[in-house]
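Note sheet for the following structure.
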Amino acid sequence: MESQGITKNGVSSNEVRYGGLLLSMGALITVICIVLEVNAGWASFSKEIVRTDLEAGTFLFQNWDKMNVIWSFSLFGNIPLAIAALLLQKHAKKIGALPLSLFWLVHFIGSILIIIAFGISVGSYFPAMEVLNEQPALFSTIRGAPMVFFNFGALCQLFAIPIFFHSGFSKSGPVGKKLAIICLVLILLAIVLSMVGLVSFAVVAISFYIPSIVLGIVYWQKATS
């Protein structure tokens, strides 16, 4: 039996089911990694931590046993996000004048960019950090590319948010309107608290991934019903 609004227009129930599962799994792994970064001291929930390349390299070198594991976990966590986007991008529905598949395609590109960013970081940072005091420019150069890839990739992954709210506020969407309102309030609250300096952007980042977790669960449930 087809589930309303998610298994029509060329998307099979299996694609939606496993796409939803992978979407929730990848988003949840990302949230866990943010929490682990805070626990390791790389980030904070209460204040923004701004580091120069030298300060970042020094911190990472001293805590590489933890950060290497966290970032490796982050790398593999984005693989299910990329696969989920591929499975779900076949949908022919639209958000306004734009096809839904375009939003998932952008999300897929973002996930790939983040995978590349963490791959470079995990594979190249430590040798550069070993000579940080003698050749600080080397670490700055190596760090530049993954920072660009990560920032642009994270921006692309935000395209899951309009997909979620379109599913929550449209008549045929699988996400309940009350659930969409709750997620909207959480995101807006996190942004406002960050703007007034009560929380850091890490809290906002976590709120951005909540819609993906919820959307994936809804897709899984609807496709198996």
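Structure data summary
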item	result
Lysine pairs in the chain with Cα atoms under 14 Å, if 8 or more residues apart or on separate chains	6
Helix 13-40 axis, angle to the chain major axis (alpha carbon atoms, nearest 10°)	30
Helix axis angle, 136-157 relative to the chain longest principal axis, alpha carbon, degrees	10
Loop-exposed GluC sites (Glu not before Pro) per DSSP, neighbour cap 12 Cβ within 10 angstrom, longest uninterrupted part of the chain	135-225
Nearest-0.05 FRET efficiency for K177 and E48, computed from C-beta distance (R0 35 Å)	0.55
L198 versus L158: modelled label distance in nm, points set 7 Å from Cα along the beta carbon direction	2.2
Principal axis dimensions, largest first and in whole angstrom, of the chain by Cα	64, 35, 29
The stretch 118-209 - accessible surface per residue (Å², probe 1.4 Å)	52
Contour minus Cα-Cα distance for V131 and V185 (0.36 nm per residue)	14.8 nm
Inter-label distance for V69 and N39, nm, one decimal - labels placed 7 Å from Cα along Cα-to-Cβ	0.9
The chain, relative contact order [Cα under 8 Å, separation at least 6], %	33
Surface share of carbon and sulfur [accessible, 1.4 angstrom probe, percent] for the chain	70
Charge dipole (the chain, unit charges on Cβ, about Cα centre) - positive-most of L22, A137, G41	L22
Net length gained if the chain between S170 and T224 were fully extended (0.36 nm per residue, minus Cα distance)	17.3 nm
In degrees, nearest ten, helix 201-224 long axis to first principal axis of the chain (Cα)	30
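The values are calculated or read from the model by the stated rules, or taken from the named source; none is laboratory data. Quick caveat: nothing in here was measured; it's all calculated off a predicted structure. All Cβ positions, even for glycine, are placed from backbone atoms using ideal geometry, and neighbour counts span all protein chains on display. Accessible surface is based on the protein model in full, side chains and every heavy atom, while ligands, DNA and RNA are left aside. Shrake-Rupley method; radii C 1.70, N 1.55, O 1.52, S 1.80 Å.
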